[in-house]
Amino acid sequence: MSPTPSPVTEQDLPQPRSISLHEAFLFWLKLGFISFGGPAGQISIMHQELVERRRWISERRFLHALNYCMVLPGPEAQQLATYIGWLMHRTWGGVIAGGLFVLPSLFILIALSWVYIAFGEVPVVAGLFYGIKPAVTAIVVQAAHRIGSRALKNGWLWGIAAASFAAIFVLNMPFPLIVLGAAVIGFFGGRLAPEKFRAGGHSAAKKSFGPAVIDDDTPTPEHARFSGFKLARLAVIGAILWALPMAMLAALFGWEGTLTQMAWFFTKAALLTFGGAYAVLPYVYQGAVGHFGWLTPTQMIDGLALGETTPGPLIMVVAFVGFIGAYVHQVFGPDQAFVAGAVAATLVTWFTFLPSFLFILAGGPLVESTHNELTFTAPLTAITAAVVGVILNLACFFGYHVLWPKGFEGPLDWPSLLIAMAAGIALLRFKRGVIEVLIGCGLIGLVVHLMF
């Protein structure tokens with residue numbers, strides 16, 4: 001009787017072959033079109049594809065890179081794609097991976113923004129957005145709940161969240177000042193009560209899916225080793241890539257020109273996106289709606305809805321803001337409104353994402369110098385807590401404009417309230433997907449709008 005063959009273990013799987021840049025290009029292009037579900041969904045897709053199925057990178061190296069991306073300002077999923085692309089295929093690999101994560105969303109949002117501004121008053125389109133607006137309010141509440149349940153682990157952090165809400169809701173303090181204040185509190189709090197400000201990133205890997213192209217013990221490639229000369233060269237190139245288009249805009253349109261101010265404003269916004277896109281949206285609102293008047297509060301809500309329904313990082317809503325602002329203000333004249341909108345959307349995307357690429361390409365070699373787990377610092381823990389209060393303020397802002405479209409002196413919009421409650425129950429109680437909820441609420445809004 002022949003012996004029973006032993007089962008194949010994960011370690012018995014063959015070593016995957018090296019991946020060409022062309023093959024990686026096709027994967028990153030595909031990812032750009034299927035990366036729905038926000039950062040959690042996008043990171044999950046990359047984990048399934050790159051760690052479990054294709055085995056391009058090991059679990060431990062994947063989470064090590066993710067921990068670094070989590071402490072940076074900017075969209076962590078896009079930065080993670082940039083990091084893995086850079087680790088596999090040098091600088092151009094990172095640029096391709098990060099760029100293709102964004103470009104499909106940019107083109108889709110330019111098209112949707114034009115449809116919105118050109119046909120937004122058509123009854124069918126207006127009806128769909130009537131139902132989508134209260135759903136967006138519920139989505140923002142869900143974001144505050146999701147981040148808060150993870151970040152607010154003790155009374156100190158709850159206090160920071162409450163203080164940040166009061167600062168922006170009551171005192172109308174600028175978002176950067178709130179972030180700075182939270183960082184200062186975290187800096188000193190981490191020394192006075194370190195156990196209250198200790199928060200970890202993603203835990204270390206405990207599972208192997210078999211040998212990977214970039215495995216736990218794979219030596220760091222030459223291009224990923226730290227070099228002072230490489231860092232200085234990258235800093236110079238990054239400064240040129242930022243300063244050259246900024247100087248051209250200032251020369252063509254003046255410093256106070258709409259496109260120049262958009263470039264400067266979204267450069268600052270890019271450095272404030274701790275905690276994800278929802279964290280920086282209040283800052284975008286304060287500037288784009290309150291200060292510059294590039295779009296209305298209602299248009300801001302609609303833009304967030306469009307951002308939720310397209311692939312790519314949610315911060316791509318900035319492309320909508322840029323398109324609407326340049327289109328409505330007729331930056332290139334009344335006959336070139338679409339061109340102005342498309343150019344503005346592209347510009348704000350460039351200035352929003354350029355820092356993300358520089359952070360990865362500059363910091364990656366430092367991260368690769370050690371494979372120990374990275375954790376959030378105390379200031380970042382405090383900032384994340386403050387972000388919860390800021391997002392809750394955003395939910396109040398959206399709720400006010402949706403439920404009382406004519407102001408508090410006008411009547412409460414009961415259908416919108418019921419749609420918002422239904423969306424909240426679907427998201428928080430039944431864990432339904434964002435796109436599913438938006439489609440359902442849009443159809444309900446269409447029926448209500450056409451009936452009444």
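Would you call Leu417 more than 28 Å from the chain's Cα centre (by Cα), within 30 Å of Ser164 (Cα to Cα) and at pLDDT 90 or above?
no
Consider Gly287 carefully, then state whether it is under 28 Å from Trp114 (Cβ atoms) and surrounded by 15 or more Cβ atoms within 10 Å (Cβ to Cβ).
It is true that Gly287 is under 28 Å from Trp114 (Cβ atoms) and surrounded by 15 or more Cβ atoms within 10 Å (Cβ to Cβ).
Would you be able to say whether some residue in the range 293-303 is β-branched (Val, Ile, Thr), at pLDDT 85 or above and open to solvent by less than 10 Å² (accessible area, probe 1.4 Å)?
yes
Can you tell me which of (1) open to solvent by less than 20 Å² (accessible area, probe 1.4 Å); (2) more than 21 Å from the chain's Cα centre (by Cα) is the one Ala319 doesn't meet?
(2)
Against the conditions (1) over 30 Å from Leu450 (Cα atoms); (2) under 23 Å from the mean Cα position of the chain (by Cα), where does Gln142 fall short? Just the number, please.
So the condition that Gln142 fails would be (1).
Give the range 424-441 a look and list any residue that's closer than 20 Å to Gln299 by Cα and either open to solvent by 30 Å² or more (accessible area, probe 1.4 Å) or at pLDDT 90 or above (or both), or say none.
Matches in the range 424-441: Val434, Ile435, Ile439, Cys441.
With at pLDDT 90 or above and either assigned to a helix (DSSP H, G or I) or among the β-branched types (Val, Ile, Thr) (or both) as the only criterion, which of Leu306, Leu366, Leu361, Leu380 stands out?
Sole residue among the options that is at pLDDT 90 or above and either assigned to a helix (DSSP H, G or I) or among the β-branched types (Val, Ile, Thr) (or both): Leu361.
Going by the structure shown, is Ala250 small (Gly, Ala, Ser) and over 24 Å from the mean Cα position of the chain (by Cα)?
yes
Those residues that are within 15 Å of the chain's Cα centre (by Cα) and at positive phi, I need them from the range 61-116; list them, please.
Result: Gly74, single match.
Can you work out which of the residues in the range 427-438 that are assigned to a helix (DSSP H, G or I) and without any contact (Cβ under 8 Å) to a residue 60 or more places away in the chain is nearest to Ile132 (Cα to Cα)?
Here the residue is Glu436.
Under 6 Å between Cβ atoms, at least 6 apart or on separate chains: pull out the pairs that start in the range 158-182 with a residue that is touching a residue at least 60 places away in the same chain (Cβ under 8 Å) and end on any residue that is of a type in the set (Phe, Trp, Tyr) and open to solvent by less than 40 Å² (accessible area, probe 1.4 Å).
Phe175/Tyr283
Please indicate, with yes or no, whether at least one residue in the range 330-340 is among the aliphatic types (A, V, I, L, M), surrounded by fewer than 24 Cβ atoms within 10 Å (Cβ to Cβ), in contact (Cβ under 8 Å) with a residue 40 or more places away in the chain and outside any loop (DSSP other than H, G, I, E, B).
no
How do the pairs read when you match residues in the range 77-90 that are among the small types (Gly, Ala, Ser) with residues anywhere that are open to solvent by less than 10 Å² (accessible area, probe 1.4 Å), using Cβ under 6 Å and keeping only pairs 6 or more apart or on different chains?
Taking only residues 6 or more apart or on different chains, the pairs are Ala77/Gln42; Ala81/Ala97; Ala81/Gly98; Ala81/Phe101; Gly85/Gly93; Gly85/Gly94; Gly85/Ala97.
Evaluate the range 49-72: report whether one residue or more is modelled with pLDDT under 90, part of a loop (DSSP other than H, G, I, E, B) and of a type in the set (Phe, Trp, Tyr).
No, the range 49-72 contains no residue that is modelled with pLDDT under 90, part of a loop (DSSP other than H, G, I, E, B) and of a type in the set (Phe, Trp, Tyr).
List the number of the failed condition for Arg233; all other conditions in (1) at pLDDT 90 or above; (2) over 29 Å from Ala24 (Cβ atoms) hold.
With (1) at pLDDT 90 or above; (2) over 29 Å from Ala24 (Cβ atoms) applied to Arg233, the lone miss is (2).
Residues that are modelled with pLDDT under 85, crowded, with 21+ Cβ neighbours inside 10 Å, touching an Asp or Glu at 6+ places or on another chain (Cβ under 9 Å) and not hydroxyl-bearing (Ser, Thr, Tyr): does the range 157-177 have at least one?
No, the range 157-177 contains no residue that is modelled with pLDDT under 85, crowded, with 21+ Cβ neighbours inside 10 Å, touching an Asp or Glu at 6+ places or on another chain (Cβ under 9 Å) and not hydroxyl-bearing (Ser, Thr, Tyr).
If we scan the range 362-384, do we find a residue that is crowded, with 24+ Cβ neighbours inside 10 Å and touching a Pro at 6+ places or on another chain (Cβ under 7 Å)?
No, the range 362-384 has no match at all.
Name the single residue that is farthest from Leu358 (Cα to Cα) among those in the range 216-250 being among the charged types (D, E, K, R) and surrounded by 11 or more Cβ atoms within 10 Å (Cβ to Cβ).
Checked the range 216-250; the qualifying residue farthest from Leu358 (Cα to Cα) is Asp216.
Any chance the range 35-46 includes a residue that's without any contact (Cβ under 8 Å) to a residue 24 or more places away in the chain and either buried (at least 22 other Cβ atoms within 10 Å of the Cβ) or under 28 Å from Lys268 (Cα atoms) (or both)?
yes
Regarding the range 192-208, can at least one residue be identified that is at pLDDT 85 or above and either surrounded by 18 or more Cβ atoms within 10 Å (Cβ to Cβ) or hydroxyl-bearing (Ser, Thr, Tyr) (or both)?
no
I need the full set of residues from the range 122-149 which are touching a residue at least 40 places away in the same chain (Cβ under 8 Å) and not aliphatic (A, V, I, L, M), in order please.
Pro123, Gly127, Phe129, Tyr130, Gly131, Lys133, Pro134, Thr137, Gln142, His145, Gly148
Results for (1) open to solvent by 10 Å² or more (accessible area, probe 1.4 Å); (2) in a helix (DSSP H, G or I); (3) out of contact with any Phe, Trp or Tyr (no Cβ under 7 Å at 6 or more places or on another chain), shown as yes or no for each residue.
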{"residue": "Ala81", "(1), (2), (3)": "no, yes, no"}
{"residue": "Ile84", "(1), (2), (3)": "no, yes, yes"}
{"residue": "Leu109", "(1), (2), (3)": "no, yes, no"}
{"residue": "Leu112", "(1), (2), (3)": "yes, yes, yes"}
{"residue": "Ile117", "(1), (2), (3)": "yes, yes, no"}
{"residue": "Glu121", "(1), (2), (3)": "yes, no, yes"}
{"residue": "Gly127", "(1), (2), (3)": "no, yes, yes"}
{"residue": "Tyr130", "(1), (2), (3)": "yes, yes, yes"}
{"residue": "Lys133", "(1), (2), (3)": "yes, yes, yes"}
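The values are calculated or read from the model by the stated rules, or taken from the named source; none is laboratory data. What you are looking at is a predicted structure, and each value in this text was computed from that prediction instead of being measured. Neighbour counts are summed over all protein chains in view; Cβ atoms, including those assigned to glycine, are modelled from backbone coordinates with ideal geometry. The protein model used for the area step is the full one, side chains on, heavy atoms only, and it has no ligands, DNA or RNA in it. Shrake-Rupley method; radii C 1.70, N 1.55, O 1.52, S 1.80 Å.
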